[in-house]
Amino acid sequence: LNEINGFANINVKYGNFTINKMGRQQEKPTNYINVEYSSGVCNINECGWLKLEAGYSKIAIGTSTALIIGSRYSSLKIKSSKSIVTESKYDHPFKVGYVRNFVCNGAYSNFEISKLYNMLEADVKYSDIEVIEVDKDFDLIKLKLRYGKASMKLPVEPGYDLKAESEYGSINYPDNYK
């Protein structure tokens, strides 16, 4: 499909698709896509607001304004989004290029974010989170991580307080934070 400007309610089982552009923004109801057992990669090059349910599927999204994702046993690759809220189970990999806000509940998934601009809140277990770069003007990073590891490159400039606690784990940070 080249372009969808109205409301979309798409259900795909045992197939795949490519959508160049979903133009709908913050209008009710939100565009909705449900993908189960995709036979290839389901591609969305550009979208506004989207609610996505995925199971046993491969998803690739170029740019988006806001994503609400419920996924399990899937592979997700998102180049950039202003906001992502997700519940993820058994997803490998869950990769995000650039994101302003990322909120996540998950289990048994691995998350990778290339650059975080503003906020990360995650409550995950048996999962790993890697943030390759955090913007110097970020507002909040709040992690509840059980039986996994988190790795992130924080800005070297002062301007934030670091409060970190761990049970049954370890926290490593540069010497200048001690």
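The values are calculated or read from the model by the stated rules, or taken from the named source; none is laboratory data. None of these values were measured; they are calculated from a predicted model. Note that each Cβ is placed from the backbone with ideal geometry, even for glycine, and that neighbours are counted across all protein chains shown. Just so you know, the surface numbers come from the protein's heavy atoms only, side chains and all, with ligands and any DNA or RNA stripped out. Shrake-Rupley method; radii C 1.70, N 1.55, O 1.52, S 1.80 Å.
For segment 41-64, which residues satisfy the criterion of being open to solvent by 40 Å² or more (accessible area, probe 1.4 Å) and either touching a Pro at 6+ places or on another chain (Cβ under 9 Å) or closer than 21 Å to ASN101 by Cα (or both)? Across segment 41-64, the qualifying residues are ASN45, GLU46, TRP49, LYS51, GLU53, THR63.
Considering every residue within segment 131-148, establish whether at least one is buried (at least 18 other Cβ atoms within 10 Å of the Cβ) and at pLDDT below 90. Yes, the conditions are met somewhere in segment 131-148. Inclusion of TYR173 among residues that are in contact with a Lys or Arg (Cβ under 9 Å, 6 or more places away or on another chain), open to solvent by 90 Å² or more (accessible area, probe 1.4 Å), modelled with pLDDT under 95 and in a loop (DSSP other than H, G, I, E, B) is not warranted.
Every residue, every condition in (1) at pLDDT below 95; (2) within 15 Å of GLY70 (Cβ to Cβ), yes or no:
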| residue | (1), (2) |
| --- | --- |
| ASN11 | no, yes |
| TYR14 | no, no |
| GLN26 | yes, no |
| VAL35 | no, yes |
| GLY40 | yes, no |
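A count restricted to segment 93-115 and to residues that are within 16 Å of ALA66 (Cβ to Cβ) and either more than 10 Å from the chain's Cα centre (by Cα) or of a type in the set (Asp, Glu) (or both) stands at 1. Evaluate segment 41-62: report whether one residue or more is farther than 28 Å from PHE138 by Cα, under 15 Å from the mean Cα position of the chain (by Cα) and part of a loop (DSSP other than H, G, I, E, B). Within segment 41-62, none of the residues are farther than 28 Å from PHE138 by Cα, under 15 Å from the mean Cα position of the chain (by Cα) and part of a loop (DSSP other than H, G, I, E, B). Return yes when SER74 is more than 11 Å from the chain's Cα centre (by Cα), of a type in the set (Ser, Thr, Tyr) and buried (at least 18 other Cβ atoms within 10 Å of the Cβ) and no when it is not. Against the criterion (more than 11 Å from the chain's Cα centre (by Cα), of a type in the set (Ser, Thr, Tyr) and buried (at least 18 other Cβ atoms within 10 Å of the Cβ)), SER74 qualifies.
Number of residues in segment 118-129 that are assigned to a strand (DSSP E or B) and open to solvent by 80 Å² or more (accessible area, probe 1.4 Å): the value is 1. Test LYS115 against the stated conditions and say whether it is assigned to a strand (DSSP E or B) and closer than 23 Å to LYS144 by Cα. Criteria met by LYS115. Criterion applied to SER83, SER38 was being without any contact (Cβ under 8 Å) to a residue 24 or more places away in the chain and either open to solvent by less than 10 Å² (accessible area, probe 1.4 Å) or in contact with a Lys or Arg (Cβ under 9 Å, 6 or more places away or on another chain) (or both), and the one residue passing it is SER83.
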